[in-house]
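Asker: Below: one structure in structure tokens.
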Amino acid sequence: AEQVIHFAVSSRCGGSHNIAVTAAKGFDHVRVVDSGLFSGGQGLLVLHAAKLAMEGKQVEEICEEIEKVKPHIRMKFIMPGAHIFSQNGRARAITAQVCQKFQLHPMGEMKQNKAVLRVLLGGNLETARRQGIRFGLRHKKKISKEIIYVTHVGCSVKELEKIKRDILRCIPFARVEIQKASFTTACNAGVATIGFAFYEK
């Protein structure tokens, strides 16, 4: 690649964005974009950038277009518990204790480029995922049916089939992309975490 666009994790989610910016200074052909997201949200941006590149757009044009698209991406995630999130300073210790004691599963989202917890979901993990998907996709008229990007940490094929089925019951997306989450996401959220990202109209 003669020109590289690096989509960094949100600058408000750890220090990897700053590391990428510093590293890129040593290369004339690398451009760093603060995605304002992580995992599936980044995946949507990468797919959009690849489409623009295949259309012959130049780096500057792609980066400008990405800045316009970013505010329309919504990203949600459902975790088995809040322990790891708490250890990383993204949730209070009391939240992790409550989740553990009452077997609750936190659901969060990206807000102002930062990962925040929104609700606590009850039941077993499968039930919590179903509830979280319905909750995250409840504004159906605002959501583009073009694509949803799902990331997961260590989910089985059977679990992923159920997740996809639950998503399509809510909204019949034309395209469902499923991808393993990065090692960084796994370390920050824990095994069995899922995330999903989509466009708002």
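Asker: Please go through the stretch 121-142 and give me each residue that is part of a loop (DSSP other than H, G, I, E, B) and either closer than 18 Å to residue 86 by Cβ or open to solvent by less than 80 Å² (accessible area, probe 1.4 Å) (or both), ordered by number.
Answerer: Matches in the stretch 121-142: 122, 123, 137.
Asker: A further question follows. Quick check: is even one residue across the stretch 108-120 open to solvent by less than 30 Å² (accessible area, probe 1.4 Å), modelled with pLDDT of 95 or more and within 17 Å of the chain's Cα centre (by Cα)?
Answerer: No; the residues of the stretch 108-120 include none that is open to solvent by less than 30 Å² (accessible area, probe 1.4 Å), modelled with pLDDT of 95 or more and within 17 Å of the chain's Cα centre (by Cα).
Asker: Still on this structure, I have one more. Looking only at the stretch 150-197, filter to residues that are assigned to a helix (DSSP H, G or I) and among the charged types (D, E, K, R); which one of those is farthest from residue 75 (Cα to Cα)?
Answerer: 158
Asker: Here are the criteria: (1) crowded, with 20+ Cβ neighbours inside 10 Å; (2) under 16 Å from the mean Cα position of the chain (by Cα). Tell me which single one residue 176 does not satisfy.
Answerer: (1) is the only condition that residue 176 fails.
Asker: Select the strands (runs of 3 or more DSSP E) contained entirely in the stretch 1-105, then report the ones holding at least 1 residues which are open to solvent by 20 Å² or more (accessible area, probe 1.4 Å) and at pLDDT below 85.
Answerer: So the answer is 4-8, 30-34.
Asker: Just to verify a result, which residue in the stretch 143-166, among those that are surrounded by fewer than 17 Cβ atoms within 10 Å (Cβ to Cβ) and touching a strand residue (DSSP E or B) at 6+ places or on another chain (Cβ under 7 Å), is nearest to residue 187 (Cα to Cα)?
Answerer: So the residue we want is 160.
Asker: In addition: State which residue pairs qualify: first residue among the hydrophobic types (A, V, I, L, M, F, W, C) and inside the stretch 171-184, second residue open to solvent by 80 Å² or more (accessible area, probe 1.4 Å) and assigned to a strand (DSSP E or B) in any location, beta carbons under 7 Å apart, and separation of 6 or more residues or different chains.
Answerer: Listed by first residue and then by second, the contacts come to 171/145; 173/145; 174/145; 174/146.
The values are calculated or read from the model by the stated rules, or taken from the named source; none is laboratory data. Keep in mind the model is a prediction, meaning the values are calculated, not measured. As a convention, Cβ positions derive from the backbone with ideal geometry for all residues, glycine included, and neighbour counts pool all protein chains shown. When the accessible area is computed, the model is the full protein with side chains, heavy atoms only, and any ligands, DNA or RNA have been set aside. Shrake-Rupley method; radii C 1.70, N 1.55, O 1.52, S 1.80 Å.
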